[in-house]
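The values are calculated or read from the model by the stated rules, or taken from the named source; none is laboratory data. Bear in mind the structure is a predicted one, so any value in this text is a computation, not a measurement. For neighbour counting, all protein chains shown are included, and Cβ atoms are generated from backbone atoms with ideal geometry for every residue, glycine included.
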């Protein structure tokens, strides 16, 4: 079949296939924690900024995710008691986001999960290729 030949010669298709093989187990592990990939990234971005005030716009900029999707993620995270939103002390028109104690516990579990999958990826593709992939995000 001609498409199979195309698939074998295409770097994009190879990346897509590896993406599926790699991210399906990660997504399964995230579901155990009650999260999807986007919500877990929003939670971790908030968790890592615990020493400063975090606004939804900060998350939008850091993750390059549209405002409506950030808002939906925050709603799901708040429903699960991972985060809370409250009025900003500095600007009553804005709501800031903070991680709850339960959310902090889940965040540490998330970091462990991401580290585990990162190690699997590096074992699969090697450290040099992993570094090349990281450089694409810059």
> Do we find that residue 113 is buried (at least 16 other Cβ atoms within 10 Å of the Cβ), on the phi < 0 side of the Ramachandran plot, in a helix (DSSP H, G or I) and at pLDDT below 95 in this structure?
Replying inline: yes
>> Among the residues of the stretch 116-138, what is the count of those that are surrounded by fewer than 10 Cβ atoms within 10 Å (Cβ to Cβ) and at pLDDT 85 or above?
In response: 0
>> I need the helices (runs of 4 or more DSSP H) fully contained in the stretch 1-66, keeping only those with at least 2 residues that are closer than 25 Å to residue 125 by Cα, modelled with pLDDT of 90 or more and touching a helix residue (DSSP H, G or I) at 6+ places or on another chain (Cβ under 6 Å).
In response: 11-32, 37-48
> Within the stretch 89-107, is there a residue that is in a loop (DSSP other than H, G, I, E, B), buried (at least 16 other Cβ atoms within 10 Å of the Cβ), under 13 Å from the mean Cα position of the chain (by Cα) and in contact (Cβ under 8 Å) with a residue 60 or more places away in the chain?
Replying inline: no
> What are the residues in the stretch 76-88 that are in a helix (DSSP H, G or I), out of contact with any helix residue (DSSP H, G or I) (no Cβ under 7 Å at 6 or more places or on another chain) and closer than 20 Å to residue 27 by Cβ, if any?
Replying inline: 79
>> If a residue must be touching a residue at least 24 places away in the same chain (Cβ under 8 Å) and touching a strand residue (DSSP E or B) at 6+ places or on another chain (Cβ under 8 Å), how many such residues does the stretch 61-84 contain?
In response: 4
>> Of the conditions (1) free of Cβ contacts under 8 Å to residues at least 24 places away in the same chain; (2) assigned to a helix (DSSP H, G or I), residue 120 satisfies every one except a single condition; which number is it?
In response: (1)
>> With the requirement that a residue be without any contact (Cβ under 8 Å) to a residue 12 or more places away in the chain and more than 11 Å from the chain's Cα centre (by Cα), what does the stretch 20-57 give you?
In response: 20, 21, 24, 28, 31, 32, 48, 49, 51, 52, 57
